[in-house]
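Read the structure below first, then the notes.
The values are calculated or read from the model by the stated rules, or taken from the named source; none is laboratory data. What you see is a predicted model; the values in this text were computed from it and never measured. Using ideal geometry, Cβ is built from the backbone for each residue, glycine included, and neighbour counts are taken over all protein chains shown. Side chains included, ligands, DNA and RNA excluded: accessible areas come from the protein's heavy atoms. Shrake-Rupley method; radii C 1.70, N 1.55, O 1.52, S 1.80 Å.
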Amino acid sequence: MVLGGGAAAFASSLLVGAVISYFLWPVAAPAAAVVMMKAPGAGGLLISRAAFAANPQLYYSLLRTAGAAAAAAAFAV
């Protein structure tokens, strides 16, 4: 699938946001208990429930654009 200029920029900004969220999440909530859940649409991979609840729209966007493994990795703790 070939992405147009705007779609490619949008997809890359989502990926950058997911990577930043992945690395900053442990710093933002160090004392929070980690509760895991099965990632929706990711075949049983586990993700952080708090991270998913904070931004489910980002998770589903990553799931559609980058795939299940990338979306689950961005929301793992």
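Checking the stated criteria, ALA69 turns out to be under 17 Å from LEU15 (Cα atoms), of a type outside the set (Val, Ile, Thr) and open to solvent by 50 Å² or more (accessible area, probe 1.4 Å).
Candidates are the residues of segment 51-62 that are free of Cβ contacts under 8 Å to residues at least 24 places away in the same chain and surrounded by 18 or more Cβ atoms within 10 Å (Cβ to Cβ); the one that is farthest from ALA7 (Cα to Cα) is PHE52. Could you please give the count of residues in segment 41-50 that are open to solvent by 50 Å² or more (accessible area, probe 1.4 Å) and β-branched (Val, Ile, Thr)? Looking only at that region, the number is 0. Scanning segment 20-40 for residues that are modelled with pLDDT under 75 and either surrounded by 11 or more Cβ atoms within 10 Å (Cβ to Cβ) or in a helix (DSSP H, G or I) (or both) turns up ILE20, SER21, TYR22, PHE23, LEU24, TRP25, PRO26, VAL27, ALA28, ALA29, ALA32.
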